[in-house]
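A.B. asks: Here you go, one structure.
The values are calculated or read from the model by the stated rules, or taken from the named source; none is laboratory data. For clarity, every value in this text was computed on a predicted model and none was experimentally measured. Quick reminder, even Gly has a Cβ in these numbers, built from the backbone with ideal geometry, and neighbours come from all protein chains shown.
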Amino acid sequence: MKFVVSLIFIILVCIGIYLFHTHVVPHTKNAKNLKKIKKRATIISAFVGLVLFGLLLFAVYKTNTTYDSWCTTVHRTTSASPVKPKTAMDYFLLGNYDFDTGSCIKAIQDYTKSISLNSKYPQSYNNRAYTFMRIRDYTDALTDLNKAISLDPNYIQALMNRGDIHNYYYEVDKESAVTDYKKVISLGGEKETSLCGHLFLAEHNGWNLGTILSLPSVFFGCK
């Protein structure tokens, strides 16, 4: 939803520029001159809007193409690592700890160990899938998410992750993404995620002219 908030900001800036030039800047009451002033204000605000929108699109592009550095840097965490992991839950928690510190490969190994001890625990599959997503291994991530959802069809986070993969990253299938997002909505998940924006893009096949023209509808919530 950051994109939507940024668009709102750009629109407000353009409106502010237009109002400033037509109401604050001293001008004559002559109708002809007033028309010129309004025309100039429209051109200026439109130009500023286009520049800001272009910068926004560039920022989105850079964000989507920039390498994810989470798994290549060390992070501090307040979570604790099990001292002597033995059970599936121990290795699951160890995986969470290693992921939080940026040790993604080790986290995958931990989740794999957890699954080997308890293959019916969907959270291990989801967390391993998310770790795969962070290193851009979407093939294995999708396999894990399908398994997690088969174990728990109402697993909101797994549905969101799978929807995102189909919406943006791998085996792109907008209809499948919409199905997953709408399932999340039916489960009340829109209160916890930026779901409306993801669903909006999936339903409109990404960013295009039609998407931009339909953008106001996203402010009325998810359907």
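A.B. asks: Does K113 fit the bill of being crowded, with 17+ Cβ neighbours inside 10 Å and charged (D, E, K, R)?
C.D. replies: Details: crowded, with 17+ Cβ neighbours inside 10 Å: yes; charged (D, E, K, R): yes.
Against the criterion (crowded, with 17+ Cβ neighbours inside 10 Å and charged (D, E, K, R)), K113 qualifies.
A.B. asks: If only one of D152, D144 is in the same structural domain as L199 (by TED's automatic domain parsing), among the acidic types (D, E) and under 21 Å from C71 (Cα atoms), which one is it? Break it down stepwise before answering.
C.D. replies: Working: D152 fails: under 21 Å from C71 (Cα atoms).
D144 is the lone residue from the list that is in the same structural domain as L199 (by TED's automatic domain parsing), among the acidic types (D, E) and under 21 Å from C71 (Cα atoms).
A.B. asks: When you look at G95, is it assigned to a helix (DSSP H, G or I) and crowded, with 16+ Cβ neighbours inside 10 Å, yes or no? Steps first, please.
C.D. replies: On the way: assigned to a helix (DSSP H, G or I): yes; crowded, with 16+ Cβ neighbours inside 10 Å: yes.
When the stated conditions are applied, G95 passes them.
A.B. asks: Taking the range 76-92, which residues are surrounded by fewer than 18 Cβ atoms within 10 Å (Cβ to Cβ), modelled with pLDDT of 95 or more and outside any helix (DSSP H, G or I)?
C.D. replies: K86, T87
A.B. asks: On to the next question. I'd like to know if the range 128-140 contains one or more residues that are part of a loop (DSSP other than H, G, I, E, B), out of contact with any Asp or Glu (no Cβ under 9 Å at 6 or more places or on another chain) and touching a residue at least 24 places away in the same chain (Cβ under 8 Å).
C.D. replies: Applying the first criterion (part of a loop (DSSP other than H, G, I, E, B)) to the range 128-140 yields 135-137.
Filter again for out of contact with any Asp or Glu (no Cβ under 9 Å at 6 or more places or on another chain), leaving 137.
Subsequent filtering for residues that are touching a residue at least 24 places away in the same chain (Cβ under 8 Å) retains none.
There is no residue in the range 128-140 that is part of a loop (DSSP other than H, G, I, E, B), out of contact with any Asp or Glu (no Cβ under 9 Å at 6 or more places or on another chain) and touching a residue at least 24 places away in the same chain (Cβ under 8 Å).
Conditions (1) closer than 30 Å to F132 by Cα; (2) at pLDDT 90 or above; (3) surrounded by 12 or more Cβ atoms within 10 Å (Cβ to Cβ), marked per residue:
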residue: I10; (1), (2), (3): no, no, yes
residue: I17; (1), (2), (3): no, no, yes
residue: V25; (1), (2), (3): no, no, no
residue: N33; (1), (2), (3): no, no, no
residue: V48; (1), (2), (3): no, no, yes
residue: T66; (1), (2), (3): yes, no, no
residue: F99; (1), (2), (3): yes, yes, yes
residue: S103; (1), (2), (3): yes, yes, yes
residue: Q109; (1), (2), (3): yes, yes, yes
